[in-house]
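Notes follow once the structure below has been shown.
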Amino acid sequence: DPRLQEWYKDFMHVTVPGGESFKDQYKRVAEFLDELRVLPYDRVALFAHGGVLICAQVYAGVVPFEEAFSSLTPYGGIVRINL
């Protein structure tokens with residue numbers, strides 16, 4: 001897709017074809033994690049792709065927005081965060 005380079009230059013705001021921008025995805029993940037915080041569970045396991053995992057790490061303050069794509073979890077990797 002010729003728009004791919006445009007997304008690479010500004011992934012925070014440019015949406016992927018048929019998808020969302022990184023900020024849109026972050027907002028969606030953050031809303032889910034906000035809901036998760038009020039549930040009566042001590043531990044929760046989530047299975048997700050790298051974009052969701054990096055959004056969760058940004059949310060938890062582990063990774064800054066600016067370093068999101070240089071901090072991607074390897075395929076099959078595990079990320080642990082505390083909310």
message = Nearest 10 degrees is fine. How inclined is helix 50-59 to the longest principal axis of the chain, computing both from alpha carbons?
response = 60
request  = Starting from the Cα of N82, move 7 Å in the Cα-to-Cβ direction to define the label point; list residues of segment 50-67 whose amide nitrogen is under 14 Å from there.
outcome  = 60-62
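222 nm [θ] for the chain, helices only, -39500 (n - 2.57) per DSSP H run of 4+, per residue, to 500? Don't skip to the answer; put the middle values down first.
Values: 3 runs with 32 residues, N = 83.
Value at 222 nm, helices only, nearest 500: -11500 deg cm²/dmol.
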remark   = Residue separation between F65 and V38 times 0.36 nm, minus their alpha-carbon distance, gives in nm 7.3 nm
query = Once percent of Cα pairs over 14 Å apart is worked out from the coordinates, which option in (1) 60; (2) 56; (3) 65 does it equal?
reply = (3)
request  = Sort the following peptides by mean Cβ neighbour count (other Cβ atoms within 10 Å, averaged over residues), highest first: 72-79, 6-13, 34-41, 51-58.
outcome  = 51-58, 6-13, 72-79, 34-41
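Computed from the coordinates by the stated procedures, all read-outs in this text should not be read as laboratory data. All figures in this text were calculated on a predicted structure; none of them were measured in a lab. Cβ: placed from backbone, ideal geometry, glycine included. Neighbour counts: every protein chain shown.
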